[in-house]
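**Student:** Provided herewith is a single structure, encoded as structure tokens, for subsequent inquiry.
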Amino acid sequence: MSAIDDQVDLAGLQPARIFDGGDLDCGSGLILLIRENMLQTGVGEILEMRSREPTVNDDLPPWCRMAGHVYLGRLEGPGYARYFLRRGEPKADQPTPSDDQALAEDKKKATEYEWRMRIRSTGNLKSTVYCRNFSWDLGQPASFKDKDAHPCAVEALLGALGGALSSGFATDCAREGLEVDDVEITVRGRLRNILAHMGLEEGDPSFAGIEVKCFASTMDDEAKVRAVWSQTVARSPIAATLAKAVDLNIKFAVV
């Protein structure tokens, strides 16, 4: 059986299992989810994966070919694409690892992954961060002026927290089939003593507290939306780390 089957009536398929990959791409955990769900699909049965990430369209067919599964094609859904995969049967004469072996290897790689960055001082009160295929500029460690050419490191940390929760929440809602029209998050942080950071007096320059407020607009079941928000916060590496070090006050409101 070929890795792509063009003779299938996709609209008439009855998938054995359906899951939502949200906004993940194949390089940020989607393959792990596909493998996990494929293991719960019988050999020869069909798995439907829903995605809002456009790069999946190009990356999924070759992955299926390498993994020994059959890519049947895609259909457009309401705001997402529906991808159909038929689970293949491993062949004894092929070196391809079994699905459970491949999943275990992928999980091991994910848990051992280390993010690496290179930072250089590139100007007056400016550093440039280089990571993977991109870079961005940071200003001074902490600034409370009205305007600056670049965000300070304190703002970058708070922005990373808010951005992680915003993107994560939108993705988690989509995966649960919840329609959230708009998500807005505000983050406020206060240092214990900015003067200690500036060397003007002795003291503690750490954060005294961080407050996060999330406002979500939805007509779906509020209890379910709140449950997804709680899940997003609990699974956030940034939020979980900060919660161990500072008073992290997180609030959620449906508007």
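The values are calculated or read from the model by the stated rules, or taken from the named source; none is laboratory data. For clarity, every value in this text was computed on a predicted model and none was experimentally measured. So basically every Cβ, Gly included, is an ideal-geometry build from the backbone, and we count neighbours across all protein chains shown. To get the accessible areas, we keep the full protein, side chains included, count just its heavy atoms, and leave off ligands, DNA and RNA. Shrake-Rupley method; radii C 1.70, N 1.55, O 1.52, S 1.80 Å.
**Student:** Output the residues belonging to segment 200-246 that are of a type in the set (Val, Ile, Thr) and closer than 11 Å to Leu178 by Cβ.
**Tutor:** Narrowing segment 200-246 to residues of a type in the set (Val, Ile, Thr): 210, 212, 218, 225, 228, 232-233, 238, 241, 246.
Passing the criteria: Thr218, Val225, Val228.
**Student:** Which of the residues belonging to segment 189-208 are assigned to a strand (DSSP E or B) and free of Cβ contacts under 8 Å to residues at least 24 places away in the same chain? Outline the logic, then answer.
**Tutor:** Within segment 189-208, the first condition is being assigned to a strand (DSSP E or B), and the residues that meet it are 189-191, 207-208.
Once the filter is applied, which keeps residues that are assigned to a strand (DSSP E or B) and free of Cβ contacts under 8 Å to residues at least 24 places away in the same chain, segment 189-208 yields only Arg190.
**Student:** Right, something else. Just the residues that are in contact (Cβ under 8 Å) with a residue 40 or more places away in the chain and over 16 Å from Val187 (Cα atoms), please, taken from segment 233-255.
**Tutor:** Arg235, Pro237, Val255
**Student:** On to the next question. Can you give me the ranges of the strands (runs of 3 or more DSSP E) entirely in segment 48-167 with at least 3 residues that are open to solvent by 40 Å² or more (accessible area, probe 1.4 Å) and without any contact (Cβ under 8 Å) to a residue 60 or more places away in the chain?
**Tutor:** Details: elements: 70-76, 81-86, 118-123, 126-131, 134-138.
Fully inside segment 48-167 and qualifying: 118-123, 134-138.
**Student:** Restricting attention to segment 11-23, which residues are part of a helix (DSSP H, G or I) and free of Cβ contacts under 8 Å to residues at least 60 places away in the same chain? Break it down stepwise before answering.
**Tutor:** Of all residues in segment 11-23, those part of a helix (DSSP H, G or I) come to 11-12.
Selection gives Gly12 alone.
**Student:** Next question. For segment 209-255, how many residues are in a strand (DSSP E or B) and aromatic (Phe, Trp, Tyr)?
**Tutor:** Going residue by residue through segment 209-255, those that are in a strand (DSSP E or B) are 209-218, 248-254.
Filter again for aromatic (Phe, Trp, Tyr), leaving 215, 252.
Total meeting the criteria: 2.
**Student:** Looking only at residues in segment 131-158 that are among the aromatic types (Phe, Trp, Tyr) and modelled with pLDDT of 90 or more, which one is nearest to Ile185 (Cα to Cα)? Talk me through it step by step, then tell me what you get.
**Tutor:** Let us first name the residues in segment 131-158 that are among the aromatic types (Phe, Trp, Tyr), namely 134, 136, 144.
Checking which are modelled with pLDDT of 90 or more leaves us with 134, 136.
Numbers: Phe134: 25, Trp136: 22 Å.
Within segment 131-158, the match that is nearest to Ile185 (Cα to Cα) is Trp136.
**Student:** Right, something else. Find the residue count for segment 168-188, including only residues that are farther than 20 Å from Ala156 by Cα and not in a strand (DSSP E or B).
**Tutor:** Selection size over segment 168-188: 10.
**Student:** Run down Ser230, Ser236 and say which single residue is surrounded by 15 or more Cβ atoms within 10 Å (Cβ to Cβ), closer than 25 Å to Ala174 by Cβ and of a type outside the set (Phe, Trp, Tyr). If you could, list the steps in order and put the result at the bottom.
**Tutor:** Working: Ser230 fails: surrounded by 15 or more Cβ atoms within 10 Å (Cβ to Cβ).
None of the others qualify; the one that does is Ser236.
This table checks each residue for (1) of a type outside the set (Ser, Thr, Tyr); (2) at pLDDT below 85; (3) touching a Ser or Thr at 6+ places or on another chain (Cβ under 7 Å).
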residue: Ala11; (1), (2), (3): yes, no, no
residue: Gln14; (1), (2), (3): yes, no, no
residue: Ile18; (1), (2), (3): yes, no, no
residue: Val43; (1), (2), (3): yes, no, no
residue: Val56; (1), (2), (3): yes, no, no
residue: Leu72; (1), (2), (3): yes, no, no
residue: Arg87; (1), (2), (3): yes, no, yes
residue: Lys91; (1), (2), (3): yes, yes, no
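**Student:** Continuing with the same structure: Could you tell me whether any residue of segment 24-34 is under 16 Å from Gly73 (Cα atoms), at pLDDT 90 or above and assigned to a helix (DSSP H, G or I)?
**Tutor:** Within segment 24-34 (the criterion being under 16 Å from Gly73 (Cα atoms), at pLDDT 90 or above and assigned to a helix (DSSP H, G or I)), the answer is yes, since at least one residue qualifies.
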